[in-house]
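As structure tokens, the structure follows; a few thoughts come after it.
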Amino acid sequence: MSDWSKAKARQLIANQIAFEGAAQFPSAQTCEGMIEMAYALDLLNDSELNELNDQIANAVAARRKQLRADRNAALLGLEVSRA
């Protein structure tokens with residue numbers, strides 16, 4: 001595959017990771033599918049596959065943690081962060 005194809009695949013995946021990291025209902029499923037498709041098309045190597053899977057898992061976990069903290073703060077009547 002061309003360098004353009006590889007760069008475009010990484011860009012699309014990075015955009016999806018950023019989206020899920022700010023989503024109201026974060027989920028890794030779509031991004032994991034994108035990563036697997038890019039890997040199957042030989043646009044990613046093994047280390048990139050692992051790196052991107054770790055990134056989406058971390059982004060979703062961090063966003064869910066933030067949403068929980070905001071919900072708990074709101075329930076307690078504390079100030080809720082608006083990031």
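Being closer than 30 Å to Ala7 by Cα, touching a helix residue (DSSP H, G or I) at 6+ places or on another chain (Cβ under 9 Å), in contact (Cβ under 8 Å) with a residue 24 or more places away in the chain and not charged (D, E, K, R) is a condition met by no residue of region 61-80.
Could you tell me whether any residue of region 2-22 is touching an Asp or Glu at 6+ places or on another chain (Cβ under 9 Å), exposed (fewer than 12 other Cβ atoms within 10 Å of the Cβ) and not hydrophobic (A, V, I, L, M, F, W, C)? So far as region 2-22 goes, no, none of its residues is touching an Asp or Glu at 6+ places or on another chain (Cβ under 9 Å), exposed (fewer than 12 other Cβ atoms within 10 Å of the Cβ) and not hydrophobic (A, V, I, L, M, F, W, C).
Within region 23-38, which residues are surrounded by fewer than 14 Cβ atoms within 10 Å (Cβ to Cβ) and either in contact with an Asp or Glu (Cβ under 8 Å, 6 or more places away or on another chain) or touching a residue at least 60 places away in the same chain (Cβ under 8 Å) (or both)? Ser27, Thr30, listed by residue number. Against the condition of a type outside the set (A, V, I, L, M, F, W, C) and touching a helix residue (DSSP H, G or I) at 6+ places or on another chain (Cβ under 9 Å), how does Gly33 come out, does it pass? So Gly33 fails the test.
Quick grid of which residues meet (1) part of a helix (DSSP H, G or I); (2) modelled with pLDDT of 95 or more; (3) among the β-branched types (Val, Ile, Thr):
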residue	(1), (2), (3)
Gln16	yes, yes, no
Phe25	no, yes, no
Gly33	yes, yes, no
Asn50	yes, yes, no
Asn53	yes, yes, no
Ala62	yes, yes, no
Ala69	yes, no, no
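Could you tell me which numbered condition Pro26 fails, if it satisfies all but one of (1) more than 9 Å from the chain's Cα centre (by Cα); (2) more than 15 Å from Lys6 (Cα to Cα); (3) not basic (Lys, Arg)? Pro26 satisfies every listed condition except (1). No other residue among Leu12, Leu44, Leu49 is over 25 Å from Arg71 (Cβ atoms), in contact with a Lys or Arg (Cβ under 8 Å, 6 or more places away or on another chain) and not small (Gly, Ala, Ser) apart from Leu44.
The values are calculated or read from the model by the stated rules, or taken from the named source; none is laboratory data. Just so it is clear, the model here is predicted, and its values are computed rather than measured. Note: ideal-geometry Cβ built from the backbone for every residue, glycine included; neighbour counts use all protein chains shown.
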